[in-house]
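Shown next, in structure tokens, is the structure this report addresses.
The values are calculated or read from the model by the stated rules, or taken from the named source; none is laboratory data. Note that the structure is predicted; figures quoted are calculated from it, not measured. Note that we place each Cβ from the backbone using ideal geometry, even for glycine, and neighbour counts take in every protein chain shown. These accessible areas exclude ligands, DNA and RNA; they are computed on the full protein's heavy atoms, side chains included. Shrake-Rupley method; radii C 1.70, N 1.55, O 1.52, S 1.80 Å.
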Amino acid sequence: MERVKATADGAIPVKAKEVKAFGTEAADAALEQLNIQRRNPTPHDVEIEILYCGVCHSDLHTARNEWHSTVYPCVPGHFSQSRAWSL
């Protein structure tokens, strides 16, 4: 699957894949399982498999756009237990 990335020189294709995530599509929507697009890893990335993830109060402020800077879909959570998938 390809996405398009806008640059000053025009649009360039970006290879992407669909992944499952837990997040929200809008500030007033519930947190739920989503399918989102992620760009494919580059040679400088480490791909991880997230086994468990906690959502703290700050994540909920972000999901609800209470700090007025959230981009949707929003996948909150920054405390995770994961393992390296590919290097």
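Brief remarks on what is shown
- Of the residues contained in the stretch 56-67, none is found to be touching a strand residue (DSSP E or B) at 6+ places or on another chain (Cβ under 6 Å) and open to solvent by 60 Å² or more (accessible area, probe 1.4 Å).
- Within the stretch 70-81, being without any contact (Cβ under 8 Å) to a residue 40 or more places away in the chain and open to solvent by less than 90 Å² (accessible area, probe 1.4 Å) holds for one residue alone: Ser80.
- Of all residues in the stretch 25-55, exactly one satisfies the criterion of being at pLDDT 95 or above, open to solvent by 60 Å² or more (accessible area, probe 1.4 Å), within 29 Å of Lys15 (Cβ to Cβ) and in a loop (DSSP other than H, G, I, E, B), namely Glu25.
- Residue tally, condition more than 15 Å from the chain's Cα centre (by Cα) and either among the basic types (Lys, Arg) or part of a loop (DSSP other than H, G, I, E, B) (or both), over the stretch 70-87: 2
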